[in-house]
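Since the structure comes first, as structure tokens, the remarks are kept for the end.
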Amino acid sequence: MTDEEKLIKEWEERVKQIPVTTIKNEERLAKYVKDNGLTKEDLVVLLTIVGTSLPEFRNITVKPDSAITFGELLDFYDRSQTQFIIIHRCNYILHELMITVYDILEKEKRLRFTVKKNCQDAEKQYHAYVEPRRKRCERTAWCTLQDHLRITHDFLSPMLEKVYESIRDYMIRLGWRDVEVRARIEVALLLAKVARHSFNAFFKEFEDACGCDFSKCYTSSDLRGMVMHFAKMSDSLGFKTVPDKYGLPDLKGFDVDANVRVKWAWNDFINALQDEDLMDESARRAIELNPKVEADYKKVIEEAEAEQMVANAEKLSEKFKVTKMK
């Protein structure tokens, strides 16, 4: 390790000890700089390390009374990225349910005009969510993630089919027509509610744990726009939707809680979705489909970390002449 790299490492460790509320507040940061005898050049280095260590730092809000340090923030943020697979699962399954509806409409030659436009707009939203992640992710890791999501969907499909059948049968009892499409739409709208509530609860748990809100770092994973285009598609088919008390669309006149069979089927699905053993099994099977994934992915991560260290050192030394601050 060169002298520059050692100095950068020392600075990184120092910055990790600073409270986030100090870095976020100009007056507190100015006081920190003064109290610790730092120069303007030191301040620039400090802020550069914050920016290179956590590019999303500006999008993270922290409670005024939080005592969390920057190092602790990095740990919580890394944890949020790992655990966000929970939301990716919901989003993946939701999209698969919508694709099922589109396939039925195309088969019946109803995927045209306004209906088709709304479907296309919904797909654009999903594409905007998936593509940036795919481009950022190493290929082997991305394939493993997709296998995990697909296997999870396969595990849950029988339970989702039970939900669909119970909703379809209830709609028949109500005297509704075109129940196949309507029931499929309702299943998708139900899961859209799960995805949205899970999204909110995910960040609420982290905020309760560390006093920081990461939600603005994940806005591209909020698929409300896709759901609203899907609801418009339903409206254009003549199946009117109305917002529930949370502003999420549902089929007008349909009450899931009014039918015991629907409630039972839905609860079985939710229990399975929240079953970590089942989710772990799907992850294990995904890795088995990619035998080299662990070794390859570990190698990629190590190389990326080494490259980042060199990049940080070059950036700091070139821009701020770190060697002259010894």
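Distance in nm between label sites at Asp268 and Glu27, each 7 Å beyond Cα in the beta-carbon direction?
Modelled inter-label distance: 6.0 nm.
Please compute the per residue accessible area over the range 1-101 with all protein chains in place, 1.4 Å probe, rounded to a whole number of Å².
Result: 53 Å² per residue.
Pull up all non-local amide H partners of Asp250: gap of 5 or more, or a different chain, and H-to-H distance under 5 Å with H placed in the peptide plane.
Val242, Asp244
Calculate, for Leu174 and Cys143, the FRET efficiency according to 1/(1 + (r/R0)^6) with r their C-beta to C-beta distance and R0 51 Å; round to the nearest 0.05.
Efficiency at R0 = 51 Å is approximately 0.70.
How much length is gained if the chain between Glu106 and Ala128 is pulled fully straight, taking 0.36 nm per residue apart and subtracting their Cα-Cα distance, in nm to one decimal?
5.6 nm
Under the 0.36 nm per residue contour assumption, what length would be gained going from the current alpha-carbon distance of Thr219 and Glu281 to full extension?
Full-extension gain reported as 19.4 nm.
If you average the C-alpha positions of the range 255-271 and of the range 76-94 separately, how far apart do those two centres end up, in angstrom?
25 Å
Quick one: which residues, 5 or more positions from Thr61 or on another chain, have an amide H under 5 Å from its amide H? H modelled 1.01 Å from N in the peptide plane, none for Pro or chain starts.
It is Asp213, by chain and number.
Between Lys117 and Ser157, with labels modelled 7 Å along Cα→Cβ, what's the label distance in nm to one decimal, could you check?
Roughly 3.4 nm, to one decimal.
Taking all protein chains in place and a 1.4 Å probe, what share, in percent, of the accessible surface of the range 1-92 do carbon and sulfur account for?
In the range 1-92, the share of accessible area belonging to carbon and sulfur is 49 percent.
Please sort 79-87, 151-159 by packing, taking for each peptide the average over its residues of neighbouring beta carbons within 10 angstrom, highest first.
151-159, 79-87
Could you list which residues have their amide H under 5 Å from that of Ile18, counting only those 5 or more apart in sequence or on another chain, with H placed in the peptide plane?
So Ile18 has HN proximity to Phe70, Gly71.
The values are calculated or read from the model by the stated rules, or taken from the named source; none is laboratory data. Quick caveat: nothing in here was measured; it's all calculated off a predicted structure. Every residue, glycine as well, gets a Cβ built from its backbone with ideal geometry; the counts of neighbours run over all protein chains shown. Ligands, DNA and RNA are stripped out before the accessible areas are found, and what is left, the full protein with its side chains, is counted by its heavy atoms. Shrake-Rupley method; radii C 1.70, N 1.55, O 1.52, S 1.80 Å.
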